[in-house]
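What follows is a short report on a single structure.
Values in this text are rule-based calculations from the coordinates and carry no lab data. Keep in mind it's a predicted model, so treat the numbers as computed, not measured. FYI the Cβ positions are ideal-geometry reconstructions off the backbone, even for glycines, and counts take in every protein chain you see.
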Amino acid sequence: MSDENATSIFDILTKVNDNTWEVSGNYKPGMNVPGRIFVSKPLLDILEPETIDQVANVASLPGIQKYSMAMPDAHLGYGFSIGGVAAFDKNEGVISPGGVGFDINCGVRLIRSNLMEDDVRPRLAELLDSLFEAIPSGVGSKSRMRLTDEELDEVFINGVNWAVKNGYGMKGDLSHCESNGKMPGADPSKVSIKARKRGRPQIGTLGSGNHFLEVQYVDKIYDEEAAKAFGLKEGQITFMIHCGSRGAGHQICTDHLQKLTQASKKYKIPLPDKQLACAPASSEEAQDYFKAMTCAANYAWVNRQMIMHWAREVFDEFFKAQHGDLGLDLVYDVAHNVAKLEKHMIDGKEKEVYVHRKGATRAFPAGHPEIPEDYRDIGQPVIIPGSMGTASYVLKGCPAAMELTFGSACHGAGRVMSRSSAKKELRGEEIQNELKSQGIIVRATQPSLIAEEAPEVYKSSSDVVDVVHNLGIATKVARVLPMGVVKG
């Protein structure tokens, strides 16, 4: 952000309402649409100016529709801000890996149970130990299984269908995944040998960073009807899984970024930031990336499915003999780093657009055909995780999302401190002990990972959720609180 343009954020942004701020289409040369940032005043006060620049930069890409957007958890990312949403016309727009991110289909799923907090609390420490042992985690972690090349192709093409067919889940898991756990159009031939080599040994692993498996309990119900439909009640045990496509997705993004950087020059697309490398949506380069990205998205759904399967086994081992059927049903699984071809109403006409959601999740309203039948009268479950020691939220998608954000909501709390700064300023052992004093047990491969993901390095999940709730994008259904966390 240059000094001649502005001296503060408030010189750049126009207030639309208490939770919406607009970046003028005149802020930067070449902007095709204005920017929209969905934040409250307290969240705006801690927003990096560079994030606003990224919103403006995305607005300059060809074929962008309505607005370049940032969700309330927005912060600086690669090209697009994390929390960025943009839709591009199928025929006149572009596809950009920066609008998806390196961890393709990083996402989150929530599993409910028939257990109550008092059933689990006495055995929590040993439960966490067993989950930590059962779920490979950490940088470079290797799976409990080894896929053949043929199996890897099936994972890329069929997603969760492959897992369920091979005994790693139940039929109901499919309908409770976004896109039924499988995006169509995957083409493994667009995935490099290096990406395949990285992906083959990592299926069913948490990885590192902000990925986790968290044991929780439902603390508060806001919407009784929706909570009943989602199978949630106060005091109930749930667990949440947050991870993505691991090395396979990272390598797929890396490989195609190189190709699309050249394609941007080939098609003479002016880029305000080279990290916005892209190509016309219908071009061979863009479609090759999209087909490879789809492979990574399907891989990520299988990754979370395998983790859920092994976690179910641990819960059964601990509690089934005493409590019988534990339920352990998947409430829903949502992606938050993906691009999808969707139909949306724009200026009174239905258009096909490539919606890029990077650190943002779908929030489709009641009646939408892509919502599971048993939730269709309620709206899509929207899952917003907290940060290890803070609340997570379950919401339901609402009609305003289709009007305001191409059916999108935030995906988490959003960082306010870099990982390197967190490791310098915080001590993992101290945070682990502090959380333990609050009744939250943390297991991690090394203390520095706990420091990187400490609650204080994130925005308030409650503040972030309040924005989408107050705008009617997605409204609160339930709050869940952490009891124990397995970190990468």
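Once you order the gyration tensor axes a ≥ b ≥ c over the Cα atoms, which shape class does the range 380-488 get: rounded for a/c under 1.5, otherwise prolate or oblate by comparing a/b with b/c?
Details: a/c = 2.99, a/b = 2.04, b/c = 1.47.
Cα axes put the range 380-488 in the prolate bin.
Could you state, as a whole-number percent, how many of the C-alpha pairs of the range 192-258 are farther apart than 13 Å? It would help to have the intermediate numbers written out before the result.
Details: 1581 of 2211 pairs.
Cα-Cα pairs of the range 192-258 separated by over 13 Å account for 72 percent.
Would you compute, from DSSP H runs of 4+ residues alone, the mean residue ellipticity of the chain at 222 nm, taking -39500 (n - 2.57) per run and dividing by the full residue count, rounded to the nearest 500?
Working: 17 runs with 170 residues, N = 488.
Taken over the chain, the calculation gives -10000 deg cm²/dmol.
Can you pull out the trypsin sites (Lys or Arg not before Pro) in the range 213-248 whose DSSP state is coil and whose Cβ has at most 15 other Cβ atoms within 10 Å? Could you put the intermediate results ahead of the total?
Numbers: sites: 220, 228, 233, 246; in loops: 233.
Here the trypsin sites (Lys or Arg not before Pro) that fit, given the DSSP loop and packing criteria, are 233.
I'd like the orientation of helix 428-437 relative to the chain: the angle between its Cα long axis and the longest Cα principal axis, in ° from 0 to 90, rounded to 10.
Relative to the chain, helix 428-437 is tipped by roughly 60 degrees.
Put a dot 7 Å past each Cα toward the Cβ at residue 313 and residue 189; how far apart are the dots in nm?
Here the answer is 3.6 nm between the modelled labels.
Between exposed GluC sites (Glu not before Pro) in the chain, where DSSP calls loop and at most 14 other Cβ atoms lie within 10 Å, what's the longest gap?
Details: sites that count: 4, 92, 234, 370.
Answer - 93-233.
Write down the percent of antiparallel bridges among all DSSP beta bridges whose residues are both part of the chain, to the nearest 5. Mind dumping the intermediate values first?
Details: 71 of 78 bridges.
Within the chain, antiparallel bridges account for around 90 percent of the total.
Angle check, please: helix 284-323 long axis (alpha carbons) against the longest principal axis of the chain (alpha carbons), in degrees 0 to 90, nearest 10.
20 degrees
In this model, which of 190/259; 291/340; 90/351 are farther than 18 Å apart at the alpha-carbon?
On the way: 190/259 12 Å; 291/340 11 Å; 90/351 8 Å.
Pairs exceeding 18 Å: none.
Match the structure shown to one of the listed values [x] 20.9, 64; [y] 21.6, 75; [z] 21.2, 69 of Rg and Dmax of the Cα atoms in Å, computed from it, and give that label.
The value matching this structure is [z].
With a 10 Å radius around each residue's Cβ, average the other Cβ atoms per peptide and rank 9-21, 463-475, highest first. Show your work: numbers first, answer last.
Numbers: 9-21: 15.4, 463-475: 22.8.
Put in order of decreasing packing, that is 463-475, 9-21.
With axes computed from alpha carbons, what is the tilt in degrees of helix 124-134 against the longest principal axis of the chain, rounded to the nearest 10 within 0 to 90?
Roughly 70 degrees, rounded to the nearest 10.
If I take every Cα pair under 8 Å that is 6 or more residues apart in the chain, average their sequence separation and divide by the length, what percent do I get for the relative contact order? Spell out each step's value before the answer.
Details: 1199 pairs, mean separation 104.7, N = 488.
Across the chain, relative contact order equals 21 percent.
With no solvent and one point on each alpha carbon, what is the Debye value of log10 I(q)/I(0) for the range 302-431 at q = 0.18, 0.19, 0.20 Å⁻¹?
One equal scatterer on each Cα of the range 302-431 leads to -1.11, -1.16, -1.21.
Taking a ≥ b ≥ c as the square roots of the Cα gyration tensor eigenvalues, with a/c under 1.5 meaning rounded and otherwise prolate when a/b beats b/c, else oblate, which class fits the range 1-99?
Numbers: a/c = 1.68, a/b = 1.48, b/c = 1.14.
Prolate, since a/c reaches 1.5 and a/b exceeds b/c.
Reachable lysines from residue 142, Cα under 21 Å, same-chain residues fewer than 8 places away excluded?
In chain and number order, the partners are 194, 197, 487.
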